[in-house]
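A.B. asks: Before I ask anything, let me first share the structure, which is written out below as structure tokens.
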Amino acid sequence: MKDYYGWRARIGLVYIDTGTPMEPECYAMAPEGVTIHADRMRLPKVTVEGLTAMMDAEEIEETTARVAKAPVHSIVFGGTSASFLLGRGYDEQVKARMAGRAPGVPVTTTSTAMLKALRALGTRRVSFVGPYEDRITQRGRKFLEENGFEVPAATGMGLTTDKEIGAVALEEVYAFARASAHPTSDAVFLSCTGMRTMGAIEALEQDLGVPVVSAIQASFWDALRLAGVKDSKPGFGRLFAH
């Protein structure tokens, strides 16, 4: 065993200032020798207007530059709706903004990771489940459809602040997702890095009989793979077999 932290990989995380679940859930999934190094962006409200204001500013560039100083082996922007906000290709635009401030470091976003994860699992029809107001929920549906997926169901809880989203109990996430999953879907996506999902993923997979991908799980999975860490992680869903 090495005698320093992050001896296998140091994962950079650009996160939202009001979010709480992502760092602890990433550490729960982290293999030995992997560390997470985070900085945060300001989000006034989880609405179209709030997300637009955050992404129109230069915070993504500034925060990425700070994280890249660690130094890290990959960087993920842990924002789902913020990276699918303007439809197909917007996540790639966000990645390009990040890459400009972190030369040589592989970068990704939660929406990019979502697409990679669903494709790795062979998904064609996905139920989109999130905590959002309907305008954001429907943008999530559109983003998936524009990227080649069928979305037979897209449901949201109607919440507009990370404080509300972070307060949703795990059993509520499980119950809402189970009730919202369309019976013809071959996967379920749990959107939003401000919503806890660890502990519900495998229970949902068992009860629904299909893979369940969450925003935090996919983000960390992709960041690990970009950093060269290929471990499987029992207990965190079928995705980690890929």
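Please treat every number below as a calculation from the coordinates, not as lab data. No experiment lies behind these values; they were computed from the predicted model shown. No Cβ is skipped: glycine too gets one built from the backbone with ideal geometry, and neighbour counts run over all protein chains shown.
A.B. asks: Among the lysines, which have Cα under 22 Å from the Cα of residue 233 when same-chain residues fewer than 8 positions away are ignored?
C.D. replies: Excluding near neighbours in sequence, the set is 2, 116.
A.B. asks: To the nearest 20 Debye, how big is the dipole of the chain about its Cα centre, given +1 on the beta carbon of each Lys and Arg and -1 on that of each Asp and Glu?
C.D. replies: The dipole of the chain has a size of about 580 debye.
A.B. asks: Here is a further query. Testing the spin-label approximation: label points 7 Å from Cα along Cα→Cβ at residue 232 and residue 17. State their distance in nm.
C.D. replies: 4.3 nm
A.B. asks: Taking 22 Å as R0, compute the FRET efficiency from the Cβ-Cβ separation of residue 93 and residue 58 and round it to 0.05.
C.D. replies: Here the calculated transfer efficiency is 0.95.
A.B. asks: Along the charge dipole of the stretch 113-214, Cβ charges K/R +1 and D/E -1, which of 151, 180, 161 sits furthest on the positive end?
C.D. replies: 151
A.B. asks: Here is a follow-up. Counting Lys and Arg as +1 and Asp and Glu as -1, what is the net charge of the other residues whose Cβ lies under 12 Å from the Cβ of residue 216?
C.D. replies: -2
A.B. asks: So, one more: For the chain, with a Gaussian network of springs between Cα atoms less than 10 Å apart, report the residue from 222, 17, 91 with the top mean-square fluctuation.
C.D. replies: So, out of 222, 17, 91, the one fluctuating most is 17.
A.B. asks: Using a 7 Å offset from the Cα along the Cα-to-Cβ direction at both residue 5 and residue 145, what is the distance between the two label points in nm, to one decimal?
C.D. replies: 4.5 nm
A.B. asks: Per DSSP H run of n ≥ 4, the term is -39500 (n - 2.57); total these for the chain, divide by its residue number, and report the mean residue ellipticity at 222 nm rounded to 500 deg cm²/dmol.
C.D. replies: -12000 deg cm²/dmol
A.B. asks: Between residue 164 and residue 241, what's the calculated FRET efficiency when r is the beta-carbon distance and R0 is 25 Å? Round to 0.05.
C.D. replies: Working from the Cβ atoms, E equals 0.15.
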